[in-house]
Amino acid sequence: MTNTVTSPPSLIHWVENDAPTSLRWHSESGASAPKRVVIADDRMTADAAFRLASEGTAMLWRGDFQNARQLLQALARRADRKPPKQATAPGDIFNFHRQAQSQRARTLAMVLIPFDDHYIIPLRRAPDVQQACTEAYGVADGPFVATLRELLGLVGAHEWRKKGVEIPALGGRIHPHYGVFSPVRGEYVGLVAEAPLPTTDVAFDIGTGTGVLAAVLARRGITRVVATDQDPRALACAKENLTRLGLMEQVALVQADLFPPGRAALIVCNPPWLPARPSSPIEYAVYDPESRMLKGFLNGLAAHLAPGGEGWLILSDLAEHLTLRSRASLLGYIEEAGLSVVGRMDIKPHHPKAADASDPLYAARAAEVTSLWRLSVR
């Protein structure tokens with residue numbers, strides 16, 4: 001018999017009407033509950049709120065909800081006035097940019113919103129967020145406190161989920177769930193749609209996310225696609241998308257860290273592109289600490305490829321332009337894994353930041369190329 005130890009919920013504490021009060025704290029980013037909390041309402045000025053937030057004092061809002069949104073926008077404007085640290089080396093520019101983004105996020109996380117039962121917000125002019133919260137958090141579990149910034153993020157994710165992202169290669173839309181990386185960078189999807197197929201039998205999609213690449217492979221005529229992910233949210237998202245597209249008969253979803261059992265003549269992986277440490281669970285879609293997923297895919301490929309098969313690695317060279325990883329290192333990983341490069345397809349990104357000269361990472365983004373590396377076992 002196994003004893004399961006359940007951690008007690010994190011609590012947030014404050015004093016209200018001269019009485020100490022506590023409530024459950026919820027943070028999708030894993031942030032700890034603020035240690036200093038004051039009550040705030042419509043009388044709070046933006047300058048006073050910014051001073052409190054900069055000092056690490058959180059404000060539990062008791063006023064009009066729409067005024068809280070306006071206050072958050074005012075805090076963002078003040079946070080954005082701080083001049084960035086100057087640097088010339090690409091790696092330093094990237095690190096300073098991440099530090100600034102992290103500090104900005106901490107400041108904006110100081111506006112807190114209370115939730116009653118059933119995700120009801122007990123504030124004037126508060127919107128109905130029950131569906132958005134249920135999609136992100138699951139079934140309601142009593143009152144709690146969360147940041148307004150997180151709430152607006154999950155409301156935005158709910159709208160993305162309803163609208164979806166048009167994928168030309170599918171002739172349809174992919175609907176991302178909260179916490180699952182959205183396929184807004186369509187160039188990598190186009191590469192998978194155009195690369196010559198080594199097989200139409202069995203393919204693996206490693207780290208499927210929304211299921212977009214599994215769907216593209218199925219639409220291209222792959223008889224059976226096995227799509228893996230270790231995140232239950234991603235698997236639920238992929239299942240919903242593949243069902244909507246009518247592809248579940250061709251695609252099997254498996255919860256796994258990288259590879260499923262067996263071999264396939266085509267194995268596709270689009271790992272996070274930047275070898276840096278995530279600051280929250282959601283950032284694991286962008287940042288791959290110490291290139292764990294990239295190396296894991298490459299090192300496991302030979303054991304899972306069928307004879308004569310190909311592994312497709314979809315990777316941006318943004319990390320190279322930011323000096324986070326060199327091209328020589330990438331080629332070294334490939335060689336050490338017993339693999340050879342049999343071909344490569346390149347495409348320039350089309351996203352807005354690649355043309356935004358005001359972006360701190362503009363030089364790297366403007367030079368960025370996304371590649372599909374076709375790999376075989378030596």
- Query: Which distance in nm do the two modelled labels at Ala140 and Ser279 give, with both placed 7 Å along the Cα-to-Cβ direction?
  - Reply: 3.2
- Item | Rounded to whole Hz, the Karplus (6.51, -1.76, 1.60) HN-Hα couplings of region 235-241, x for glycine and proline | 5, 5, 5, 4, 4, 5, 5
- Note on the structure: Of the listed links Lys163/Lys353; Lys82/Lys295; Lys163/Lys295, those spanning more than 32 angstrom between alpha carbons are Lys82/Lys295; Lys163/Lys295
- Size of electric dipole in the chain: Cβ of Lys, Arg +1 and of Asp, Glu -1, about Cα centre, debye, nearest 20: 560
- Query: Could you give me the ³J(HN,Hα) list for region 278-292, computed from phi with Karplus coefficients 6.51, -1.76, 1.60 and θ = phi - 60°, whole Hz, x at Gly and Pro?
  - Reply: x, 9, 7, x, 5, 6, 5, 6, 10, 10, 10, x, 6, 6, 4
- Query: Got a sec to turn the phi values of region 367-378 into Karplus ³J(HN,Hα) couplings, 6.51 cos²θ - 1.76 cosθ + 1.60 with θ = phi - 60°, whole Hz, x for Gly and Pro?
  - Reply: 8, 4, 10, 9, 10, 10, 8, 8, 10, 9, 7, 5
- Note on the structure: Site Asp42, offset 7 angstrom along Cα→Cβ, radius 17 Å on amide nitrogen, limited to region 55-69, gives 61-69
- Task: Go through (1) 27; (2) 38; (3) 42 and flag the label whose value is the computed percent of Cα pairs over 32 Å apart for this structure.
- Result: (3)
- Length released on extending from Ala105 to Arg124, taking residue separation times 0.36 nm less the Cα-Cα span: 4.3 nm
- Non-local amide H neighbours of Asp64 (under 5 Å, H modeled in plane, Pro and chain starts lacking H): which ones? Asp42
- Item | Total formal charge among the other residues, if their Cβ is under 12 angstrom from that of Ala136, Lys/Arg +1 and Asp/Glu -1 | -1
- Residue-span extension gain [Ser329 to Asn17] - 0.36 nm each, minus C-alpha spacing: 106.3 nm
- Query: All other residues with a Cβ under 14 Å from the Cβ of Gly207 taken together, and with Lys, Arg as +1 and Asp, Glu as -1, what is their net charge?
  - Reply: -2
- Would you calculate the separation in nanometres between label points at Arg344 and Ala363, each defined as 7 Å from the Cα along the Cα-to-beta-carbon direction? 2.2
- Item | Of all DSSP beta bridges in the chain, antiparallel share, percent nearest 5 | 50
- Relative contact order as a percentage, the chain, C-alpha pairs under 8 Å and 6+ apart, gives 12
- Note on the structure: Per-residue ellipticity at 222 nm attributable to helices in the chain (runs of n ≥ 4 DSSP H, -39500 (n - 2.57) apiece, nearest 500 deg cm²/dmol) works out to -10500 deg cm²/dmol
- Note down the relative contact order for region 165-377 as a percent, whole number, built from C-alpha pairs under 8 angstrom at least six residues apart. 19
- Item | Estimated distance in nm for a label pair at Ala76 and Val286, the labels positioned 7 Å out from Cα along Cα-to-Cβ | 1.4
- Quote to one decimal, in nm, the extra length available between Arg378 and Ala31 on full extension: 0.36 nm per residue of separation minus the C-alpha distance between them. 120.4 nm
- Query: Can you list residues whose amide H is under 5 Å from Ser316's amide H, if they're 5+ apart or on another chain and H is modeled 1.01 Å from N?
  - Reply: Ser371
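Taken together, the values in this text are just the output of simple stated rules run on the coordinates, not laboratory data. All figures in this text were calculated on a predicted structure; none of them were measured in a lab. Cβ atoms come from the backbone with ideal geometry, glycine included; neighbour counts cover every protein chain shown.
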